[in-house]
Amino acid sequence: MNDNLSRQQTNEMLKWFNRNRRMLLKLYPNEYVAYTAQKLIAHSENLQEVLTFAKATDSPFLLYLVPRKTSASIRIHPIHFRVVTRHDWEPVYPVKLKHKACEIETLMLVDSGAELSLISLKVGQDLGYALADAESTLLAETIGGTVEYVLRNLQMTIDGHSFITTVAWLQQNMEVEQLLLGREIVFDKFNIEFRQADEQIIFTWRGDNNNTSLS
């Protein structure tokens with residue numbers, strides 16, 4: 001259903017999200033929410049419940065996992081500084097994540113400061129990932145200390161272009177869980193333009209010079 005979204009449809013839904021982001025953060029922490037360009041259509045901590053209800057509406061929609069906590073002035077992933085005035089807009093973009101038969105279409109924060117893309121513990125579990133026997137975790141430095149993670153390969157689709165990339169899968173629940181779209185592979189495959197004044201991000205496909213593309 002969402003595979004054929006036009007850029008205009010995507011932009012309209014992203015505008016709705018940014019207009020209503022504070023409401024979502026307040027009312028639906030740690031829940032998946034599905035929404036159109038006009039309204040919220042489903043919410044639950046159970047991913048399949050949200051997808052089933054949203055698909056039954058026969059309307060194009062986007063999915064977002066609301067962070068568990070939002071009151072802090074500084075977040076670990078990503079870092080937000082409290083300032084007197086700022087443009088209340090986050091550079092998020094719809095991305096489809098797929099592992100075997102499991103798919104999630106959600107919003108990820110486009111972060112040029114992140115070397116790797118990052119998914120939360122819950123999203124990795126919902127995609128069907130599990131730790132191997134005796135698998136060791138890695139440690140990453142953050143502004144608040146260290147976090148444990150493991151590396152996983154997954155299929156990512158942006159604007160209809162699919163490719164395999166490596167992501168860091170967090171192994172602990174964080175106070176704020178923001179999915180990050182980092183530089184590894186992604187920034188090589190697209191030219192990415194930020195238009196903050198227009199609340200818009202433009203991904204332009206650069207073509208593929210290796211064997212990781214699936215489009």
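Any read-out appearing in this document is the output of simple, stated calculations on the displayed coordinates, not a laboratory observation. Keep in mind the model is a prediction, meaning the values are calculated, not measured. Cβ placement follows ideal geometry from the backbone for every residue including glycine, while neighbour counts extend to all protein chains displayed.
So if I average 1/r over every pair of distinct C-alpha atoms in the stretch 2-205 and take the inverse, what Kirkwood radius in Å does that give?
Result for the stretch 2-205 stands at 17.5 Å.
Using the number of other C-beta atoms within 10 angstrom as an exposure proxy, rank Lys96, Lys55 with the fewest first.
On the way: Lys96 18, Lys55 14.
Sorted ascending by nearby Cβ count, the order is Lys55, Lys96.
Straight-line reach from Lys96: which lysines have Cα under 18 Å away, leaving out those fewer than 8 places along the same chain?
Answer for Lys96, where 18 Å is the Cα cut-off: Lys55, Lys122, Lys189, listed by chain and number.
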